[in-house]
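Novice: Got a structure for you, written out below as structure tokens; questions coming shortly.
The values are calculated or read from the model by the stated rules, or taken from the named source; none is laboratory data. Remember, it's a predicted structure, so these values are computed and weren't measured experimentally. Note that we place each Cβ from the backbone using ideal geometry, even for glycine, and neighbour counts take in every protein chain shown. Side chains included, ligands, DNA and RNA excluded: accessible areas come from the protein's heavy atoms. Shrake-Rupley method; radii C 1.70, N 1.55, O 1.52, S 1.80 Å.
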Amino acid sequence: MGMEIPFDVANIPGPEMGEVAPPEVIGSYISSAKRPLLVVGSEILRDDFFLETAIEIGRRGVPIAATGHSIRGFVEKEYTENVSYYNLHELTNCLRDPSWKGLDGKGNYDFVIFFGIVYYYASQMLSCIKNFAIDPLIRAVSIDRYYHPQARMSFTNISPEMEEGYKDMLNRLVSSIK
Amino acid sequence: MEELKKGGIFNISDLKNVRISIGEIVEEEEEWEPMGPHPMPGIATLRNWDFLLLNRYKPFYAPLCDMCCLCTYGKCDLTGNKKGACGIRMDAQHGRIVLLACLVGCSAHCGHGRHMLHEMIKKFGGDVPIDFGPEVDVEAPLTRLVCGIKPKTIRDYEKVFDYIEEQIVQLADALHTGQEGSYMDFESKALHMGMLDSLGKEAADIIQIACYGMPTSYEGGGPDVPLVDVGIGTIDTTKPVVLVIGHNVPPAADIGDYLTENGLEDKVELAGICCTSIDTTRVYKKAKIAAALGRQLRVIRMGIADVVVVDEQCIRADILELCQRVHSPLIVTNDKAMHGLVDRTDDNPDKIVDDLVSGRVPGVVILDPEQVGEVAVKTVIQMDKKRKGLNLILSDEEFKYYVNDCILCGNCTLACPNGLRIGEANQSAASGDIEPLAGLFDLCVGCGRCEQVCKKHIPIVDVITKAAYPQIKEEKGRMRIGRGPVWDSEIRDVGAPIVLGTIPGIIAPIGCGNYPNGTKDAWLIVKEFAERNYIVTLTGCMAIDCALWKDEEGKTVYEQHHGRFDAGGVLNIGSCVSNAHIHDAAIKVASIFAGRPLRGNYEEIADYILSRVGACGVAWGAMSQKAASIATGFNRLGVPAVVGPHGAKYRRAFLGRPDLKDDWKLIDATDGSEIYFEPGPQHLLVACETVEEALPMIAKLCFRPSDTDRGRSIKLTHYIDLSLKYLNAYPPDWHLFVRTATDLPIANKNELLKKLEDEHDWEIDWKMKRIKEGPIRGYDPSFNPTNLRRLIREKKK
Ligand code: SF4
Ligand code: SF4
Ligand code: SF4
């Protein structure tokens, strides 16, 4: 198998590039994480399905940081249970600090899932986590339809034609969160 | 020998065995203000101020590349904050890259400024007075502030550039392997570079204003500057069209002069792209603005220009190839960008024209602006005839062929900086719906990367242009020409409302066109804040791009709003170098309104601005190294900036942490007591993902500790309202900015008091409608905030 191509083709960071992982593997990591966090961005608003997926993950006990203007969607769906607005830069800045208290005041996270964030902005923030949130280690993964080399684990690039297949992957991911 | 005073007398016959070397003759300086503590600061002079900022707004790094390859020890893998062979860690290496970016940006502005000074002294002599009319006494706030110099003529800028250039070299030295090793110190140096950048820009603009008689406070200037046409649709292509691109106006100005002198103003179109176009409209009233940077490739490829004249900065590196493709001769006018062409400066102009028109050469270098004027105009008149009938827009058949030929491989999308789904849009067009393709025109940043990877060799840029052609022809906006300095009299009128907060802020949309989602965002930002009575001051590409859109009445933001530096104003300050006047406006609030000493007093003025002037830069499409140095210069002066999501690729942000209480301590200069305060401004540099997120963020970054309760209540109204409008939610941190019940927006005071009680456990005295307990601090109208211990008036007993 050849090297996976980053969604932004020249975005090759260096020797450590994320693995492509199937949804079930990412799902099982989420399940075994002590403090997982779902970070969603504005692209989840492009289709109700993505918003519902995020809410479903939230319902399974993973708190949600809604970045960009994605909080709109949650408010409209009246799902505000464990969702807070955060600017992505601010949030990542907090994540890199081990003493950060988290969204609930109970401390930082160990597993962060990026979903529906503008590709290049997400990539930069994943890079910060990879390079600086190292002690204790925070694993950051992406479940977007892009290959994200700065994430520890990521899906592969998925073309719009394969949208249904992508949705199916998300469904599999959600159902594998125990 | 002692320095000789000009006009002094000495007797030469008394001198024996003396060698006389004539140095600089020192003119007696008029004592205009006592010198402050930091004239012409060196690298370490303002380091304490920088560290104060950097400790509150800690540098945040997001590497774009995990390796370093700057020396032959490398490549070094720095992943996970490892050290390279030279000992530098990833964080410091990124501070180093940021300093490098600021070095490049600052050098572009200052190199341009120095070049301008040379040209202007050659053309007009060094004695051109700096006189901006009856309303501008403080003509050069940054020059006074940083250098301690009050410039009287353009020649005085020799000293200013000597200082800047020396500092740039010293800072560049720090980039060498085996020098600086601390990211904090790299950032302090970057802030120093940013300050030099702002000074260099001020110098460049002042020189060109003085020499070309650009708008000032003389009649017709300031708020009364005229409107000009903006947009590709405004260019009359039935006439010969000269297209100027770049940032250095002299060649374009001389083209304008040549047209005027030869009665050709109505026969030839002089249009521009980027800052040269903005500055051309400041010197030649028939000039038009074709587009901002983002449309450069496409304007050329559309074949609008019969001659292209480039000067410096933001010119496409493949400009010659682009011009050849559309048979537009290229004239390059600046030794910094010569594109491999032959220097014909000393040749006979008619011979050059003949060579260009005949196509014997695709382009020439001409370094004398006057010569450019003559050659460009003579060439364009002949080229127009020659290029008549040339149609560079795809035919319907060609368009159909290409969209049908697309195999949806997705290579273009992977190459596109905005990840645009071109294949799918082609597919829609093939089945008869061209809207998705036409819609890409404004989202595209015009880079051309997609075409290089298309295995079917589809000229994607041309295909999109063809689909959008009807809308492009209607791209007809209006924009105020660059007005240059904000007047002292305007500052006197608005100084108090700005510091008290009743004018909720100065919003400064500036810089390039690397937008995440098209030019309309630029318009929306301006419109939202102008309608809310902020003062909106624009420069560069955002000043152009926001003028492409109109409201329901068919008016642009410039037509809808006045041009005064006052609530609700929409001011085009000018080109990129003109944005120094936005720094200057903030500085003048401190010096003119508040009476703070200006000369050589950077630290105190920056401290004042950080605590009291609610200004926020917005570089929504920031792309260049210049934008990096501009933002860093704003930051050192205490002005925060918001960038678009591409701005995260600058690798560094300056982010505050409201949850860390000790980061937010101020001193009351009245008695020296220390006060915890609300995070205003919360960040110095932050990226937002979408414009919807940016709008409340910009409003948030206008909070300042000096706000009065009335001012705070106005600022809170907008922060909450923008958040509700665009995020459909209250901002989670609005309560941090409440000090007292009178800070609350009057319209929904009760509701907000209830929220404070229910959601934040604040104690409310409902009878008195007062807050008993909860806020970070209470409201004290006599609070005199400072970060500098030396400004304490009287030590607390
Ligand atoms: S400058 Fe330092 S980090 Fe960079 S390649 Fe050389 S040794 Fe490695
Ligand atoms: S030219 Fe436009 S569509 Fe093509 S890659 Fe660049 S931004 Fe994308
Ligand atoms: S690269 Fe060319 S063929 Fe492939 S999707 Fe893009 S336009 Fe179509």
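Novice: Does segment B:424-437 contain at least one residue that is within 9 Å of chain A (Cβ to nearest Cβ), on the phi < 0 side of the Ramachandran plot and within 8 Å of ligand 3 (Cβ to nearest atom)?
Specialist: No.
Novice: For B:Lys700, state whether it is free of Cβ contacts under 8 Å to residues at least 24 places away in the same chain and either in contact with a Phe, Trp or Tyr (Cβ under 6 Å, 6 or more places away or on another chain) or open to solvent by 10 Å² or more (accessible area, probe 1.4 Å) (or both).
Specialist: Taking the combined requirement at face value, the residue does not satisfy it.
Novice: Say whether the condition of being more than 16 Å from ligand 3 (Cβ to nearest atom), open to solvent by 30 Å² or more (accessible area, probe 1.4 Å) and of a type in the set (A, V, I, L, M, F, W, C) is met by at least one residue in segment B:364-376.
Specialist: Checked against the condition, which is being more than 16 Å from ligand 3 (Cβ to nearest atom), open to solvent by 30 Å² or more (accessible area, probe 1.4 Å) and of a type in the set (A, V, I, L, M, F, W, C), segment B:364-376 yields at least one hit.
Novice: Within segment B:228-273, can you find the residues that are assigned to a strand (DSSP E or B) and of a type in the set (D, E, K, R)?
Specialist: Across segment B:228-273, the qualifying residues are B:Asp229, B:Glu269.
Novice: Every residue in segment B:400-427 that is surrounded by fewer than 19 Cβ atoms within 10 Å (Cβ to Cβ), part of a helix (DSSP H, G or I) and more than 14 Å from ligand 2 (Cβ to nearest atom), please.
Specialist: Passing the criteria: B:Lys400, B:Tyr401, B:Asn404, B:Asp405.
Novice: For segment A:69-93, give me each residue that is assigned to a helix (DSSP H, G or I), facing chain B (nearest Cβ under 7 Å) and of a type outside the set (S, T, N, Q).
Specialist: Of everything in segment A:69-93, those that are assigned to a helix (DSSP H, G or I), facing chain B (nearest Cβ under 7 Å) and of a type outside the set (S, T, N, Q) turn out to be A:Ile71, A:Arg72, A:Val75, A:Glu76, A:Leu88, A:His89, A:Glu90.
Novice: Let me ask something else about it. So in segment B:389-399, with the set limited to residues that are open to solvent by 30 Å² or more (accessible area, probe 1.4 Å) and part of a helix (DSSP H, G or I), which one is nearest to ligand 3 (Cβ to nearest atom)?
Specialist: Residue satisfying both the conditions and the ranking: B:Glu398.
Novice: In segment B:61-105, which residue that is of a type in the set (Ser, Thr, Tyr) and free of Cβ contacts under 8 Å to residues at least 24 places away in the same chain is farthest from ligand 1 (Cβ to nearest atom)?
Specialist: B:Thr79
Novice: If B:Ile206 meets every condition in (1) in a helix (DSSP H, G or I); (2) in contact with a helix residue (DSSP H, G or I) (Cβ under 6 Å, 6 or more places away or on another chain); (3) among the β-branched types (Val, Ile, Thr) apart from one, which number is that one?
Specialist: (2)
Novice: Mind checking which pairs have a first residue in segment B:758-778 that is within 17 Å of B:Asp659 (Cα to Cα) and a second that is of a type in the set (A, V, I, L, M), Cβ under 7 Å, 6 or more apart or different chains?
Specialist: Close Cβ pairs satisfying both conditions: B:Gly774/B:Leu756; B:Pro775/B:Val738; B:Ile776/B:Leu736; B:Arg777/B:Ile675.
Novice: Okay, next question. Could you pull out the residue among B:Leu716, B:Leu684 that is buried (at least 24 other Cβ atoms within 10 Å of the Cβ) and within 14 Å of chain A (Cβ to nearest Cβ)?
Specialist: On inspection, the qualifying residue turns out to be B:Leu684.
Novice: In segment B:485-540, what residues are more than 21 Å from B:Asn579 (Cβ to Cβ), part of a loop (DSSP other than H, G, I, E, B) and open to solvent by 10 Å² or more (accessible area, probe 1.4 Å)?
Specialist: If the condition is that a residue be more than 21 Å from B:Asn579 (Cβ to Cβ), part of a loop (DSSP other than H, G, I, E, B) and open to solvent by 10 Å² or more (accessible area, probe 1.4 Å), then B:Thr502, B:Pro516, B:Asn517, B:Arg532, B:Asn533 are the ones that fit.
Novice: Here are the criteria: (1) among the small types (Gly, Ala, Ser); (2) under 27 Å from B:Thr519 (Cα atoms); (3) more than 10 Å from ligand 2 (Cβ to nearest atom); (4) free of Cβ contacts under 8 Å to residues at least 60 places away in the same chain. Tell me which single one B:Ala467 does not satisfy.
Specialist: Just one mismatch for B:Ala467, condition (4).
Novice: Out of curiosity, is A:Ile44 within 14 Å of chain B (Cβ to nearest Cβ), crowded, with 20+ Cβ neighbours inside 10 Å and at pLDDT 95 or above?
Specialist: In short, yes.
Novice: I'm checking my understanding of the structure. Among residues of segment A:94-120 that are more than 25 Å from B:Ala641 (Cα to Cα) and of a type in the set (A, V, I, L, M), which one is nearest to the other protein chains (Cβ to nearest Cβ)?
Specialist: In this case the residue turns out to be A:Leu103.
Novice: Report every pair of residues separated by at least 6 positions or lying on different chains whose Cβ atoms are under 7 Å apart, first residue within segment A:62-87 and at pLDDT below 95, second open to solvent by less than 30 Å² (accessible area, probe 1.4 Å).
Specialist: A:Thr80/A:Phe74; A:Glu81/A:Gly58
Novice: Which ones in segment A:86-144 are polar (S, T, N, Q) and open to solvent by less than 10 Å² (accessible area, probe 1.4 Å)?
Specialist: Correct list: A:Asn87, A:Thr92, A:Asn93, A:Ser123, A:Gln124, A:Ser127, A:Asn131, A:Ser142.
Novice: List every residue pair whose Cβ atoms sit under 7 Å apart, with the two residues 6 or more apart in sequence or on different chains, where the first one lies in segment B:118-146 and is open to solvent by 70 Å² or more (accessible area, probe 1.4 Å) and the second, anywhere, is modelled with pLDDT of 95 or more and not in a loop (DSSP other than H, G, I, E, B).
Specialist: B:Phe124/B:Cys211; B:Asp127/B:Thr153; B:Asp127/B:Arg155; B:Pro129/B:Thr153; B:Pro129/B:Ala210; B:Asp137/B:Asp488
Novice: With (1) within 14 Å of chain A (Cβ to nearest Cβ); (2) in contact with an Asp or Glu (Cβ under 7 Å, 6 or more places away or on another chain); (3) assigned to a helix (DSSP H, G or I) as the list, and B:Pro658 as the residue in question, which single condition is left unmet?
Specialist: Single failed check for B:Pro658: (3).
Novice: Can you report the number of residues in segment B:217-240 which are among the acidic types (Asp, Glu) and open to solvent by less than 20 Å² (accessible area, probe 1.4 Å)?
Specialist: Qualifying residue count, segment B:217-240: 0.
Novice: Of (1) open to solvent by less than 10 Å² (accessible area, probe 1.4 Å); (2) in contact (Cβ under 8 Å) with a residue 60 or more places away in the chain, B:Met302 satisfies all except one. Which?
Specialist: (1)
Novice: Right, here's the next one. From B:Leu420, B:Leu394, B:Leu440, B:Leu408, grab the single residue that is within 12 Å of chain A (Cβ to nearest Cβ), away from ligand 1 (no atom under 16 Å from the Cβ) and within 38 Å of the chain's Cα centre (by Cα).
Specialist: Just a single option satisfies the conditions, and that option is B:Leu420.
Novice: Scan segment B:729-754 residue by residue and report those that are surrounded by fewer than 16 Cβ atoms within 10 Å (Cβ to Cβ) and not acidic (Asp, Glu).
Specialist: B:Pro732, B:Ile746, B:Ala747, B:Asn748, B:Lys749, B:Asn750, B:Lys754
Novice: Looking at (1) open to solvent by 10 Å² or more (accessible area, probe 1.4 Å); (2) assigned to a loop (DSSP other than H, G, I, E, B), which is the one condition that is false for B:Lys466?
Specialist: Unmet condition: (2).
Novice: Does B:Leu117 satisfy the criteria of being touching a Phe, Trp or Tyr at 6+ places or on another chain (Cβ under 7 Å), away from chain A (no Cβ under 14 Å) and closer than 30 Å to B:Leu788 by Cβ?
Specialist: It is false that B:Leu117 is touching a Phe, Trp or Tyr at 6+ places or on another chain (Cβ under 7 Å), away from chain A (no Cβ under 14 Å) and closer than 30 Å to B:Leu788 by Cβ.
Novice: Could you count how many residues in segment B:52-93 are part of a loop (DSSP other than H, G, I, E, B) and within 11 Å of chain A (Cβ to nearest Cβ)?
Specialist: Adding up the residues that qualify gives 13.
Novice: Which residue, of B:Gly42, B:Gly95, is modelled with pLDDT of 95 or more, more than 30 Å from A:Asn93 (Cα to Cα) and under 28 Å from the mean Cα position of the chain (by Cα)?
Specialist: Just a single option satisfies the conditions, and that option is B:Gly42.
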